[in-house]
Amino acid sequence: MKKQIFIAMLSLVAVGTHQVQAQHSDHVGTSVNINLADIISIDEGSVASGGAVDFNYVNTTDYNSSKSVTIPNSLVINSSKNFDVKIKSEGANFVSGANIIPVDVLQVKAISGGSLMGTMNEVTLSTNDQVIVSNASLGSKQILNIAYSISAEKASKVLLGKPKGTYTQTVTYTATAL
């Protein structure tokens, strides 16, 4: 009887070992993770980065006319979420030495023609953040064209009579994720 129990146990061990060997495989799996972070940036290659917008007033016609300067590819924006583009002036005035011109002589408008999609707005420049593009769609290397203008009325009432010189002010653009 002991012999039969021993043989039965040996058979059980053999079957158990065989089953373990049958569970081995020639391949295994691993988990691959892609970790994403939200991003938003304005490329340094944007024309507005370190660029300049020039308005030249050299004769009577200039002071009695509206002027507009359109800058294609003003901003190149990358964002993983929808966003707004805001603009503000770093100071209350354009400055030439001791002479000043209020920044509200300038209108700034986001215009179509680039690849950036959203609600395009026109604003009067100020020291407060103002939205020139609202709810822009997420995407990579989206191009925004911007037009700057000074009305004939502002030219004749604000600019005319100011001392000659180059009046300068820094304008800052900010892209903010929604």
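Values for this structure:
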{"item": "Zone of ALA92's modelled label, taken as backbone nitrogen in region 115-151 under 20 Å from a point 7 Å along Cα→Cβ", "result": "124-130"}
{"item": "Anchor LYS164: aspartates and glutamates whose Cα lies under 13 Å away (excluding residues fewer than 8 positions away in-chain)", "result": "none"}
{"item": "Approximate spin-label separation SER49-SER151, in nm, with each point projected 7 Å along Cα-to-Cβ", "result": "3.5 nm"}
{"item": "Share of carbon and sulfur in the accessible heavy-atom surface of the chain [1.4 Å probe, %]", "result": "55 percent"}
{"item": "Per residue solvent-accessible surface (Å²) - region 36-178, probe of 1.4 Å", "result": "54 Å²"}
{"item": "Cβ-based net charge around VAL76, under 11 Å, with every Lys or Arg adding one and every Asp or Glu removing one", "result": "-1"}
{"item": "Helical contribution to [θ] at 222 nm, DSSP H n ≥ 4, -39,500 (n - 2.57), averaged over the chain, rounded to 500", "result": "-4500 deg cm²/dmol"}
{"item": "Environment charge at VAL171 (Cβ cut-off 14 Å; Lys +1, Arg +1, Asp -1, Glu -1)", "result": "-1"}
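The values are calculated or read from the model by the stated rules, or taken from the named source; none is laboratory data. Note that the structure is a prediction, hence the values are computed from the model and not measured. We place every Cβ from the backbone using ideal geometry, glycine too, and count neighbours over all the protein chains shown. We work out accessible area using only protein heavy atoms, side chains counted, and drop any ligands, DNA or RNA first. Shrake-Rupley method; radii C 1.70, N 1.55, O 1.52, S 1.80 Å.
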